[in-house]
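Visitor: One structure follows; several queries about it will come next.
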Amino acid sequence: MTFNTSVRYHDGQLFVDDVAAADMAQAVGTPVYVYSLKHVLAQYHALREAFAPLGAHIHYSAKANANLALLRALIGAGAGIDAVSGGEIYKALQAGADPRHVVFAGVGKTQAELRYALAQGVGWFNVENAAELDHIERIAAELGVRARAALRFNPDITANTHPNIATGHGGAKFGMPADAVRALLQARHRYAHVMLAGVHVHIGSQLGDTHATQAAVERALELIAPFEDVRTLNIGGGFPARYHAAQTELPSFQAFADALTPLLRGYEVLIEPGRSLVAEAGVLLTQVLYRKAQGGQHIVIVDASMTELLRPALYGARHEIVPVRASTAPVQLVQVVGPVCETTDTLGHDVPLSDDVREGDWLAVLTCGAYGMVMASNYNARPRPAEVVVSAAGDTWRVARPRETWEMLVAGEG
Ligand code: LLP
C-alpha cells in the first residue's frame, strides 16, 4: 500500500523513501517525527512549476515546521521564508535565509521584534494595523533604513475549511477591512521610511476549494486598482494536504494556479505555503504500550500523545494511523490514546487496526509534517520528541534534533 510517493509499504514494512521506519524507531526510540526531504522538495518544485507563469515568489511558512534541516533544504532550493515572530526570523537566518527573502507577518509584532527585523534587513513586513505601521516608520527612521510593506487585507470572506483555521471572515482578528487599507494606501506618501508596495491576503488553511481564494484576490485587486505604484499581491498560504485516502476532491496546486493566474498577470505575486509543502512528508512513529478493552471500546495506549501531536485534541483533526509492520489479521476499530492525563488525549477515534497489534509494536501517525512538532509541548513534564530527516536522495537518515531530556526540563528553573 502507498500513502504517497515517499510513505509506503514495501515487503510488509512501512518505509519513508528507501528507509524502513522500524530501523529509525529502533535506533532513536519513540515517539519520533520522521520527515522526507525528498517529498518536501518535490512539493516545492510542483508548486513553483504551477505558479511559474506568474513568476511567483514562494515564501515557506516556517510556522508549519521550523526544523533547521527542513528550512535549509527549502532555502537551498530557492524558497524565501514567511516568519511570524522574532524567533522564526532568527531560525530562518540561522538556516541561511537571505533576509531580503524573509517576510515578517503576525498579528501582534512587538517593537523589539520589529527593531530586530528592520536591523536584519527583512524584505517584507505584512502590516496588520495602522499603529504597527507607525512603529515601523519610527524604528526604521531611527535605524536609517527604509522598509517595504504589504497591508494585510481582511476581505470578509469565509473560507471553506475548519472554523478554527479560517482567518478571512470579518470578525476574525486578522488584517484590516477595505476602508482601513484604502485610507493607509491614500496616505502612503506620508511614510518616508516605509514603502507601501502591496497588499497581503490569507483567508485560511487547508482550503477545500479555490473559489473563496479567487474571490479574495478579486477584492484585493479592486482595492489596489487606483494606486498604480501598489502592484504586489501576497496571496498567503492555505493549499491543502491529503490527510486520508478518501480526500480525493482537494484542489491541487495546479487548480489554484489555473484559477488565479488569469487574475494576477502583470502583478508581483508572493505565496506563503506551509502545510502543503511539509504535511505529507512527515510521520510520527510511536510504540504500543498497552491494549485493553472496556466500556465497549478497544483501547490502544501508545507512547505518543497530545504533547507531540496536538491537532486531534485541538481541532478534532483526523490522521491516519497504521502499523509499521503490515498485517493481514482481521481489523478492529480502536481508540488510539496517549498517556497524558486528559480525556482529549486521543490521537485517533475508531481507527481500523489489525487485532494482532501488540505491546511493543510500532504505529505510524501519518501526515504529521505540518503543525506537529512546532505545536508540541512539555505538558506532564514530557520531553519533546526527536526529529529525524531522510535525505533528499531518500537513502540515508539522521537525527535532525535529539529528543529532549529530563535535565532539559529543569534547566533554568528554580
Ligand atoms: N500565511 C499566513 C498569514 C498564515 O496565517 C498561515 C497559517 C500561512 C500563511 C500558512 O498556511 P498553510 O499553507 O500552512 O495553510 N495549526 C493549524 C494551522 C494554523 C495555520 C495558521 N496560519 C493546523 O494544525 O491545522
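Visitor: Which numbered condition in (1) assigned to a loop (DSSP other than H, G, I, E, B); (2) without any contact (Cβ under 8 Å) to a residue 40 or more places away in the chain is the only one that His189 fails?
Guide: All conditions pass for His189, except number (1).
Visitor: Pull up region 184-194, narrow it to residues that are in contact with a helix residue (DSSP H, G or I) (Cβ under 8 Å, 6 or more places away or on another chain) and aliphatic (A, V, I, L, M), then point me to the one that is farthest from the ligand (Cβ to nearest atom).
Guide: Here the answer is Ala192.
Visitor: If you check Gly369, Gly338, Gly414, which single one turns out to be small (Gly, Ala, Ser) and modelled with pLDDT under 95?
Guide: Values: Gly369 fails: modelled with pLDDT under 95; Gly338 fails: modelled with pLDDT under 95.
Residue meeting the stated conditions: Gly414.
Visitor: Considering region 210-239 alone, what residues qualify as being within 16 Å of the ligand (Cβ to nearest atom) and surrounded by fewer than 21 Cβ atoms within 10 Å (Cβ to Cβ)?
Guide: Correct list: Thr210, Thr232.
Visitor: Let me ask another. Select, from Val103, Val107, Val122, Val181, the only residue that is touching a His at 6+ places or on another chain (Cβ under 8 Å), of a type in the set (Val, Ile, Thr) and within 16 Å of the ligand (Cβ to nearest atom).
Guide: The unique qualifying residue is Val103.
Visitor: On to the next question. Evaluate the following for Val103: is it under 21 Å from the mean Cα position of the chain (by Cα) and in a loop (DSSP other than H, G, I, E, B)? Before the answer, list the steps.
Guide: Working: under 21 Å from the mean Cα position of the chain (by Cα): yes; in a loop (DSSP other than H, G, I, E, B): no.
No: the conditions fail for Val103.
Visitor: Quick check on my filter: what residues within region 304-325 are away from the ligand (no atom under 12 Å from the Cβ) and either more than 24 Å from the chain's Cα centre (by Cα) or under 30 Å from Arg48 (Cα atoms) (or both)?
Guide: Glu320, Pro323, Val324, Arg325
Visitor: Which of the residues belonging to region 39-64 are hydroxyl-bearing (Ser, Thr, Tyr) and surrounded by fewer than 22 Cβ atoms within 10 Å (Cβ to Cβ)?
Guide: As a first pass, look at region 39-64 and keep what is hydroxyl-bearing (Ser, Thr, Tyr): 44, 60-61.
Within region 39-64, just Tyr44 meets the criteria.
Visitor: In the set Arg382, Arg311, Arg318, Arg401, which member is touching a residue at least 60 places away in the same chain (Cβ under 8 Å) and more than 27 Å from Gly237 (Cα to Cα)?
Guide: Result of the check over Arg382, Arg311, Arg318, Arg401: Arg382.
The values are calculated or read from the model by the stated rules, or taken from the named source; none is laboratory data. Small disclaimer: the values here were computed from a predicted structure and weren't measured. Cβ coordinates were reconstructed from backbone atoms using ideal geometry, including for glycine residues, and neighbour counts include every protein chain displayed.
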